[in-house]
Amino acid sequence: MGLTVSSRANMIGWLQAAPLALVLGGFLVVPVIMIVVVSFWGATEWSIYPAFLFDNYEFLFTSWVTYSVFLKTFKYAFITWVLTLCIGFTVAYFLAFHVRNLSWQIALFLLCTIPFWTSNIIRMISWIPFLGRNGIANQTLISWGVIDEPMEWLLFSDFSVILAFVHLYTLFMVVPIFNSMMRIDRSLLEAAVDGGASGLQTLWNVVIPLCKPGIMIGTIFVVTLVMGDFITVRFMSGSQSANVGRLISNDIGLLLYPSACATAVVLLCTVLIVIAIFLRLVDIRKEL
């Protein structure tokens, strides 16, 4: 008995999706399962042994350090999100609505990607000689008479950590918002103006609602990247601050792999819950 046309089409679709499914299964699903399994193992000072224990999670949820570190992580993510959203929306709005020439749009957009031509670590470390006690920022302000002595809080502080985050991840907010703005029918803006709407009213009632999918995609990128980052916090805080990524990194450095896996599982669940909330607010499938 031969296959029907619809059955044959479904089979072809499954065969086409199989290679990608195998790659995702081997490099994403299987490692996550391994992390979950190891998170229930036990550990001593000199060995790790397979078991099914809740000791790692019990220690994690009964320690005030865990809540303090997660709170710090959320603070970094929230402040970075607000700043990247303001900067990213402004840049995207300028490129989409104020730059009329397509060639200039492409040129200016590529200009925004120049920092990504170097590694994250190089871009991050470049702030250290600028923000240091004897760095360019302090010396310039002193020479202008703005301050009398160097400002210590510019480097190795929460300020420098958030500044580095904004520098590293603003483009992840610019790109999806710019993509959303380029899809807006310009006749809608003209209709709003003809209807007597001011520029601010047009922005609030037309542009922003139509950009919500792009804003949400950028938000997911920025929040997940900041919450999983650890090297930025280590370098830019001078190891004086910590987030969940640092907590996992420290456990790995001490060879406490079950504890690190348990923290990673909690972080993963937290990020997935945050993303699920975002997806309930806006349907980003319109942007895909």
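The values are calculated or read from the model by the stated rules, or taken from the named source; none is laboratory data. Computed from a predicted model, the values in this text were never measured in an experiment. With ideal geometry, Cβ positions are generated from the backbone for all residues, glycine too; neighbour counts draw on all protein chains shown.
Restricting A164, A137 to those that are assigned to a helix (DSSP H, G or I) and at pLDDT below 90 reduces the list to A137. Flag: G218 does not match the condition of being closer than 21 Å to F156 by Cβ and small (G, A, S). For I284, indicate whether it is buried (at least 16 other Cβ atoms within 10 Å of the Cβ), in contact with a Pro (Cβ under 7 Å, 6 or more places away or on another chain) and among the hydrophobic types (A, V, I, L, M, F, W, C). Here the answer is yes, as I284 does meet what is asked.
Pick from the stretch 145-161 the residues that are of a type in the set (F, W, Y) and modelled with pLDDT under 90: which of them is surrounded by the fewest Cβ atoms within 10 Å (Cβ to Cβ)? Talk me through it step by step, then tell me what you get.
The first filter runs over the stretch 145-161 and keeps only residues of a type in the set (F, W, Y), leaving 153, 156, 159.
Those left that are additionally modelled with pLDDT under 90: 153, 156.
Working: W153: 10, F156: 20.
Filtering the stretch 145-161 for residues that are of a type in the set (F, W, Y) and modelled with pLDDT under 90, the one surrounded by the fewest Cβ atoms within 10 Å (Cβ to Cβ) comes out as W153.
Residue-by-condition table, conditions (1) assigned to a helix (DSSP H, G or I); (2) touching a residue at least 60 places away in the same chain (Cβ under 8 Å); (3) surrounded by 13 or more Cβ atoms within 10 Å (Cβ to Cβ):
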position	(1), (2), (3)
S68	yes, no, no
K72	yes, yes, yes
A77	yes, yes, yes
L83	yes, yes, yes
R100	no, no, no
A107	yes, no, no
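If I filter the stretch 182-240 down to residues being under 13 Å from the mean Cα position of the chain (by Cα) and of a type in the set (S, T, Y), which single residue comes out as nearest to M124 (Cα to Cα)?
Residues of the stretch 182-240 under 13 Å from the mean Cα position of the chain (by Cα): 215-230, 232.
Then keep just the ones that are of a type in the set (S, T, Y); that gives 219, 224, 232.
Working: T219: 21, T224: 18, T232: 7 Å.
The selected residue is T232.
Of I217, I208, I231, I184, all but one fail to be buried (at least 18 other Cβ atoms within 10 Å of the Cβ) and of a type outside the set (D, E); the exception is I217. Against the list (1) touching a helix residue (DSSP H, G or I) at 6+ places or on another chain (Cβ under 8 Å); (2) without any contact (Cβ under 8 Å) to a residue 60 or more places away in the chain; (3) more than 30 Å from L171 (Cβ to Cβ), the condition F59 fails is (2). Here is the figure for the stretch 34-64: residues that are exposed (fewer than 11 other Cβ atoms within 10 Å of the Cβ) and within 28 Å of V226 (Cβ to Cβ) total 2. For the stretch 65-83, the count of residues that are closer than 27 Å to M181 by Cα, modelled with pLDDT of 90 or more and either more than 22 Å from the chain's Cα centre (by Cα) or of a type in the set (D, E, K, R) (or both) is zero.
Please go through the stretch 142-161 and give me each residue that is in a loop (DSSP other than H, G, I, E, B) and of a type outside the set (V, I, T), ordered by number.
Let us first name the residues in the stretch 142-161 that are in a loop (DSSP other than H, G, I, E, B), namely 144-151, 155-157.
Result: W144, G145, D148, E149, P150, M151, L155, F156, S157.
Of all residues in the stretch 109-127, those that are touching a residue at least 40 places away in the same chain (Cβ under 8 Å) and either part of a helix (DSSP H, G or I) or surrounded by 14 or more Cβ atoms within 10 Å (Cβ to Cβ) (or both) total 10. Restricting V271, V206 to those that are over 30 Å from A43 (Cα atoms) and in contact with a helix residue (DSSP H, G or I) (Cβ under 6 Å, 6 or more places away or on another chain) reduces the list to V206. Which one is surrounded by the fewest Cβ atoms within 10 Å (Cβ to Cβ), of the residues in the stretch 188-201 that are of a type outside the set (D, E, K, R) and part of a helix (DSSP H, G or I)? Among those residues, the one meeting the criterion is L200.
Part of a helix (DSSP H, G or I) and among the acidic types (D, E): is that true of E45 in this structure? Walk me through it before giving the result.
Values: part of a helix (DSSP H, G or I): no; among the acidic types (D, E): yes.
When the stated conditions are applied, E45 does not pass them.
What number of residues within the stretch 135-182 satisfy the criterion of being within 29 Å of L110 (Cβ to Cβ) and without any contact (Cβ under 8 Å) to a residue 24 or more places away in the chain? I'd like the intermediate steps shown before the answer.
So the first thing to find is which residues in the stretch 135-182 are within 29 Å of L110 (Cβ to Cβ), and the list is 136-137, 160-182.
The next check asks that each one be without any contact (Cβ under 8 Å) to a residue 24 or more places away in the chain; those that pass are 136-137.
Residues that pass the stated criteria total 2.
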